[in-house]
Amino acid sequence: MNRNVSEREEMYRNIIEYSMETIVLHSEGKIVYINESGADFFRAPKEALIGGDVLSVFQPSSHGVIKERIQEGMSEGGLAPLIEERVIRADGTMVEAELYCRPVTFGSRKVMQSVFRDITERKETEKMLNDREKLVSIGQIAAGIVHEVKNPLTAVKGFLQLMKELSSHPYLQTMENELDKALATLQNLLQVSKPDLQDETRVPIFFCRELESLMLLFQDKLYDVEVEMDLRDAEKSFIGKKNLFLKAFFNLIKNALEAISAKGKVKITHYYENQWIHINISDTGIGVPKDKLTLLGTPFFSSKAEGTGLGLTQVYTTIHEHGGHISVDSRLGEGTTFSIRLPLREQQIDFQ
Ligand SMILES: Nc1ncnc2c1ncn2[C@@H]1O[C@H](COP(=O)(O)OP(=O)(O)O)[C@@H](O)[C@H]1O
Ligand SMILES: [Mg+2]
C-alpha cells in the first residue's frame, strides 16, 4: 500500500517536474513543491521557494482575494475560475500571470496545485489593440468636428477680408494669416481621414517621373543624407489621384529623412512584378520599436515633439483607397523600410 503511494507520488512528480507550465503545490499556505519551470518563472532556486509562504508572491493588496480563491478551490473540488494577478518574482520584477488552483492528492496528502502562466505578452497585445481602436475613433470624431468648425471659421475669414477693405489696421493681416493656418490644419485633417472626399480625377501616374520633382523639395536636407535610387520599369504606371500620391510619397520621404539624425542613407526602389508596381522606401534611421509598429498609420500617433501623427495616416489611406498594399519592416537603431504595392494601370482598365 505504502509502496503504491510513493510510486504514485514519484510518477506525479515526474509529470509535473518537466511540465512547461509553472506548477506550485502548497498546503496550508506553505509551498511544498515547485517544478523546474516554476523556479525559472519566479527567478529563484527551488530550495529558496519551498517552505515559503505562497501568498508572498502576490501583492499584499490581493492576498485576501487569493486566500478566498484557494479556499473555494479546496472545498468545491471542481476547477476554480482563472485568476489574473500580478506576481512578484524573487528579483523584484513583476509579471502578469493567469492562474488556477485545484486540489490534488500528493502522495497521501491532499494539497493545492496552482498553475501559473505568464500572460504579459497577451496583456500588451490587448492594450495595443485597445489603444489603436481608441485612436481610430479619435480620428473619426476629429473628422466630424472639422466639418462643424470649418464653416464658422470660413465666415470669420470672409468678414476679416471685408474689414481689411475698410481699415488698414496691421493686426488684420496677422489675424488672417493665423486663421489660414487653422483652416489649413483642418483641411489636412479632413484629407487624411477621408481621402475619397478629394474630387480629383484619376490619371496615369508614372512614379519615376514624379520622383525627380518630389526630391527637389528636399534639397536642403540632402547634404548629410545620401539618396540611392534603383528605378526599374519606369514606363509602367498606375492610376490614381496624383496630388494625393505626391503628398503620400512626400510624407514617406520626409519621415525617412527625419529618422536620420546625422549621416545616413535613403534608398528608393521601383520595379514591376506580377501585375504590381512595387515601390520601397528605406532609410538607415532610428527605426521603430517593435511594440509601436502596429500603431503606424493610426491618426495622431507620433513620437516627435513637433509631430502631427497624420502623415502616415494619409499614406495608408491613399494606398488602400487605390487598391494597394503597404507594409513596414523596421529594426531599432538600424532603419526602416516601407514596401508599397500598387495595381498596374492595364489591370485596372481591364476591370472597368
Ligand atoms: N522612416 C521612419 N523611421 C522611423 N520612424 C518612423 C518612420 N516613419 C514614421 N515613423 C514613426 O511614425 C510616427 C508617425 O509618422 P507620421 O504619421 O508621419 O507623423 P509625424 O511625422 O508627424 O510624427 C513618427 O512620429 C515616427 O515615430
Ligand atoms: Mg511625418
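FYI, it's all coordinate maths here, none of it is from the lab. Every value quoted in this text rests on a predicted model; they were computed, and no experiment measured them. Don't worry about glycine lacking a Cβ; one is built from the backbone with ideal geometry, like all the others, and counts go over all protein chains shown.
Bridgeable lysines around K110 (alpha carbons under 27 Å apart, same-chain partners fewer than 8 residues away excluded): K30, K46, K67.
The lysines whose alpha-carbon is closer than 25 Å to the alpha-carbon of K157, local same-chain residues fewer than 8 away aside, are K181, K194.
Each residue in T318, T284 was given a count of other beta-carbon atoms within 10 angstrom of its own, and listing them fewest first yields T284, T318.
Compared with the dominant principal axis of the Cα atoms in the chain, helix 63-76 is inclined by about 60°. FRET efficiency for the R117 to L332 pair, using the beta carbon distance and R₀ = 25 Å, is estimated at 0.35. Using only Cα atoms, tell me the angle between helix 120-166 and the longest principal axis of the chain; keep it within 0 to 90° and round to the nearest 10. For 120-166 against the chain, the angle is about 30 degrees.
In terms of other Cβ atoms within 10 Å, F300, F245 run from fewest to most in the order F300, F245. Between 0 and 90 degrees, the angle of helix 242-259 with respect to the longest Cα principal axis of the chain falls at about 60 degrees. Largest GNM mean-square fluctuation across L82, L257, L189, computed for the chain with C-alpha springs under 10 Å, falls on L82. Taking only the Cα atoms of the range 203-351, the radius of gyration and Dmax are 15.0, 47 Å.
Per-residue ellipticity at 222 nm from helix content only, as computed over the chain with -39500 (n - 2.57) for each DSSP H run of at least four residues, stands at -15000 deg cm²/dmol. Spacing of the modelled spin labels on K150 and E210, each 7 Å from Cα toward Cβ, amounts to 2.2 nm. Spatial offset of the range 287-328 relative to the range 216-247 amounts to 18 Å, using the alpha carbon center of each. Of the GluC sites (Glu not before Pro) found in the range 8-65, the ones in coil according to DSSP and having at most 15 other Cβ atoms within 10 Å of their Cβ are E21, E28.
Cross-link check: pairs K127/K241; K247/K304; K263/K304; K123/K242; K263/K290 evaluated at a Cα-Cα cut-off of 30 Å; pairs beyond the cut-off: K127/K241; K123/K242.
Which residue, T317, T298, T154, has the most motion in a Gaussian network model of the chain that connects Cα atoms within less than 10 Å? Its mean-square fluctuation being the largest, the pick is T154.
Note on the chain: percent of Cα-Cα distances in each 10 Å bin, starting at 0 and stopping at the bin with the largest distance, equals 5, 17, 19, 15, 13, 14, 11, 5, 2, 0, 0.
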